[in-house]
Structures are given as structure tokens and as C-alpha cells.
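Reading through the C-alpha cells given below for one structure.
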Amino acid sequence: MKNILAILILFAIVVSGCTAQPQAQADDSMMEDTYRTGDNSVIGDDMGDSMGDVMDDHMGDTVGDAMDDHMDDMMGHENTIEFTETGYVPNELTIKVGDTVTWVNKTQSLTWPASAKHPTHTAYPGSDIQKCGTDEQAGIFDACAGFGEGESYSFTFNEPGEWFYHDHLNASKFGKIIVKAQ
């Protein structure tokens, strides 16, 4: 609750410096709204600006980065790993306990992400390739089958630690998930 209150106060500080007079700027590609502050600088010049970006512009990088971190904590964070011709991208990902990671296949080849060690898949607690096709399959770090281009597999990490994984169909493709306690 204190974090939300702090965010609202910071937001009020930024907004209070604005004259809140939108200036529509038309071009051939899209409409953008900008707002001029008391010192005649512009905020919100890109619809993609996060609250942290706005805070960076007016209160410094530290405040803006903190704002983005708090928003990620409150809204959840999307953790996606793409399988490409060169392997898993990013190859290493740091997340928090309880976060879900989604692997998306961007190739014409099948991929099968699973916990290390090849071929047993037992490094992540409770995981084992022998549990594929059983009632325990939903709780293991193992896609349990290859999936094609445009398809995906997701797993929620509930154990802190460093967890290596590989492509069961091509064990030379691998990566690491670092799960931090909250």
C-alpha cells in the first residue's frame, strides 16, 4: 500500500507541473498528444512512454527506474524467450519466484525446452522426463514434446536458484533461468 501511495504522490508531482494543454500533432502515420510543463518542456511525446520514462525526464533516472520497477511488480512482467536458428534468445533470463516464462518457437524446426540434464530433465526440483504424459506433467519444467513455429510453452518457476535448460531435440541449444527470491 505504501508503494502505491508513493507512486501516486510522484505522479501528482509530475502532473502538477503540467499545464495539461494537449497539442494535437497530426502526421500521416498517427496522432500523438504532447503536454507542455511549466518550464515549456514536453512530456508524453510518444504514446509508448512509460511512467518511468516521464519521471526520468523530470526527476532523474533513479526515480524513473524505480517507478518502472514498482509498476513491473504490480502489473507482472512478461518473460519471453524466443527459439531462433542460433538458439534461445535471451540465453539467460533473471526472474522472481512465481514468475512465468514463455518459450516461443520462431523457427521452422521443432523445439522442446526442458530442465537440464539431458536426457533425464531432473535438475529442476520435481522434474523428470518420466513424468511426461502423467498427471504430474503440469508441474514439471519440461514441454514433454516438440512444438513448431509460432507455438509456445510456458512454465512458472516457484523455486529460487539457477536453472539450466536445453532443447531436448538438439541438446547443443541451451540457456539459464535465474530465479530470485522475492
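The values are calculated or read from the model by the stated rules, or taken from the named source; none is laboratory data. Keep in mind that what you see is a predicted model, and the values were worked out from it rather than measured. Note: ideal-geometry Cβ built from the backbone for every residue, glycine included; neighbour counts use all protein chains shown.
I'd like to verify a number: residues in region 152-174 that are surrounded by fewer than 17 Cβ atoms within 10 Å (Cβ to Cβ) and more than 19 Å from THR86 (Cβ to Cβ), how many?
Looking only at that region, the number is 7.
In region 132-181, what count of residues is obtained for those that are assigned to a strand (DSSP E or B) and over 22 Å from the mean Cα position of the chain (by Cα)?
Taking region 132-181 as the starting set, the residues that turn out to be assigned to a strand (DSSP E or B) are 142, 147, 152-156, 161-167, 170-180.
Now drop any that are not over 22 Å from the mean Cα position of the chain (by Cα), which leaves 170-172.
Residues flagged as assigned to a strand (DSSP E or B) and over 22 Å from the mean Cα position of the chain (by Cα) within region 132-181 amount to 3.
Please indicate, with yes or no, whether at least one residue in region 134-142 is in contact with a strand residue (DSSP E or B) (Cβ under 6 Å, 6 or more places away or on another chain) and closer than 19 Å to GLU78 by Cα.
Yes, region 134-142 contains a residue that is in contact with a strand residue (DSSP E or B) (Cβ under 6 Å, 6 or more places away or on another chain) and closer than 19 Å to GLU78 by Cα.
Count, please, the residues in region 111-131 that happen to be β-branched (Val, Ile, Thr) and outside any loop (DSSP other than H, G, I, E, B).
Here the count works out to 2.
Could you check ASP65 against (1) modelled with pLDDT of 95 or more; (2) not in a loop (DSSP other than H, G, I, E, B) and say which number it fails?
So the condition that ASP65 fails would be (1).
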